[in-house]
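I have placed the structure first, in the form of structure tokens, so that the comments after it can refer back to it.
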């Protein structure tokens, strides 16, 4: 089995969270993260990030990997004439190289196809039907483009939502909080803003972090950072610098606290010990109350989760009922059309009879006379423009080829005594 075939088999068992109803920013974000995890797990010889670039936007991928994702392309047909101009060793080397490139390309195509399959599994077809081709399906679109279509078409972000995300960026860093958590919050918020059209330039993000760190002006990390040249102040270097300095300060603070505690332990009086016991009792009582409160909140949250799950199941069932009702209506309409068609066929004028009179204006009153033409259904008493071929009320078994010269078993109404034509019947 080829590598692409192995991937197709492996991805057939991968699952994705079903999106209920119209896509939202939250549901599309969840879909994108799950697809990214699947894509990144398929490692390649060139990158530990696998096919993450098939899902993550170009800017985010470049920030994460410090490189640009290049999609594999078709290497073209192998040139067999190379054997005439190169040595056997060189020919072998080029053959292996071409096979490797072709394998990488086929693997990439299979990953993209698997990602598209997961998207169509997670999203109701009505929300991506605009992208579907009559013959190719969704093959001409990448998974990344399909996600962008969902976000641009169905996830309308309000001004207040964008403003709330901007406020998250402006929140100050708390010295008690590990700077890694602060930086992760900034990265996630910037990514979300970028996806909804509220771009935040990386230089602006650096300025926001620098300002927040500068508020702690008595701390050495901020001062050391200000001394660095501009070329060494990238977003990645900023995170490494402050995280490293913060960890170093925490180690120094713990060592100082341990030393101070050792020397002052001998000076602790009985009253201090008694007071400490009271503090510990109060802490234990508060912890017990907090535990009970947390248990109540957990129980309430579990109930809400169960209710939401039940509502989601009911919603899916309701959507299925609506689809089934639509199918039933379509079937009923088809049955009614077939019935009307059968009735109209039965109402055709039988051969040998005159058609019902057509109301005419008094100025154009017409009387059935022989004007030299012929109709298989209506006979000889028709107008000169009326014949078997253009008759509008043909009887069952009507023959378009019947003429005045050969009526072919048609009507003989109004046949003149001087008629000398043929009647070959069915012949």
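Figures for the structure shown
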item: The one condition in (1) assigned to a loop (DSSP other than H, G, I, E, B); (2) free of Cβ contacts under 8 Å to residues at least 24 places away in the same chain that residue 22 fails to fulfil; result: (2)
item: So residue 169, is it over 30 Å from residue 250 (Cα atoms) and part of a helix (DSSP H, G or I); result: no
item: Given (1) under 14 Å from the mean Cα position of the chain (by Cα); (2) surrounded by 16 or more Cβ atoms within 10 Å (Cβ to Cβ), number of the condition residue 169 does not satisfy; result: (1)
item: Residue 90 vs. criteria over 21 Å from the mean Cα position of the chain (by Cα), assigned to a helix (DSSP H, G or I) and surrounded by 14 or more Cβ atoms within 10 Å (Cβ to Cβ); result: no
item: Among residues of the range 72-107, those that are touching a residue at least 12 places away in the same chain (Cβ under 8 Å) and either out of contact with any helix residue (DSSP H, G or I) (no Cβ under 7 Å at 6 or more places or on another chain) or under 24 Å from residue 30 (Cα atoms) (or both), counted; result: 6
item: Residue identified as at pLDDT below 90, surrounded by fewer than 17 Cβ atoms within 10 Å (Cβ to Cβ), more than 23 Å from the chain's Cα centre (by Cα) and within 25 Å of residue 35 (Cα to Cα) among 83, 185; result: 185
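The values are calculated or read from the model by the stated rules, or taken from the named source; none is laboratory data. Predicted, not measured: the structure shown is a model, and the values here were computed from it. Every residue, glycine among them, receives a Cβ derived from its backbone with ideal geometry; neighbour counts consider all protein chains shown.
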